[in-house]
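Just so it is clear, none of the values below were taken in a lab; they were calculated from the coordinates. Quick caveat, the model's predicted, so the values are computed rather than measured. Cβ sites come from the backbone with ideal geometry, for glycine too, and all protein chains shown count toward neighbours.
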Amino acid sequence: MKKLIIRKGTEKDFPAILKLIKELAAFENGLDEVTNSIEKMQKEKKLFQSFVAEIDGKIIGLALYFFAYFTWVGKSLYLDDIYVKEAFRGQTIGSKLLRKIFEIAEKENCSRVRWQVLDWNHPAIRFYEKSGAKISKEWLNCDFDRKGIEGFLKR
């Protein structure tokens, strides 16, 4: 493998980050649900942070996160997406990105690191379990998109 660099993502990385987000969404059969854009990321850049995995100046992996507060445990780090391009999987890049997330969580004195995985994504589930994650079979997502928010408020 050529020299891998794991570094903090910056605003100049937004086009590559968005491309990876869309690639992940396509893998998860949800590309039509992606409404994010570079412009939106620029406006909302204070709400998230990221690490990128780079080889020969090309971004081939991503870990995007933000800090959250959970009533039971307090300050937590929420890993929204971790993704490595298919051609680069199996080379410990995902593990290195995940290590960076845990280093930040420890440095920031977080009580928890949390993320989600689709129940059919067995390779990711195996990776997370091998990493030591406890995967809940009990909690279900409750989501409202923009249209749903507006509809709820009109009731």
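Key figures for this structure:
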item	result
Residues satisfying the stated conditions in the range 39-57, i.e. exposed (fewer than 12 other Cβ atoms within 10 Å of the Cβ) and free of Cβ contacts under 8 Å to residues at least 24 places away in the same chain	Glu39, Lys43, Glu44, Lys46, Leu47, Gly57
When residues of the range 20-56 are limited to those that are over 15 Å from the mean Cα position of the chain (by Cα), among the charged types (D, E, K, R) and not in a helix (DSSP H, G or I), the one farthest from Phe66 (Cα to Cα)	Asp56
Which listed residue is out of contact with any helix residue (DSSP H, G or I) (no Cβ under 8 Å at 6 or more places or on another chain), outside any loop (DSSP other than H, G, I, E, B) and free of Cβ contacts under 8 Å to residues at least 40 places away in the same chain, from Tyr65, Tyr78	Tyr78
Residue count for the range 66-119, restricted to those that are of a type in the set (Gly, Ala, Ser), more than 13 Å from the chain's Cα centre (by Cα) and within 25 Å of Ile5 (Cα to Cα)	4
Selection from the range 107-141 of residues that are charged (D, E, K, R) and either exposed (fewer than 11 other Cβ atoms within 10 Å of the Cβ) or in a loop (DSSP other than H, G, I, E, B) (or both)	Lys107, Glu108, Asp119, Arg126, Lys130, Lys134, Lys137, Glu138
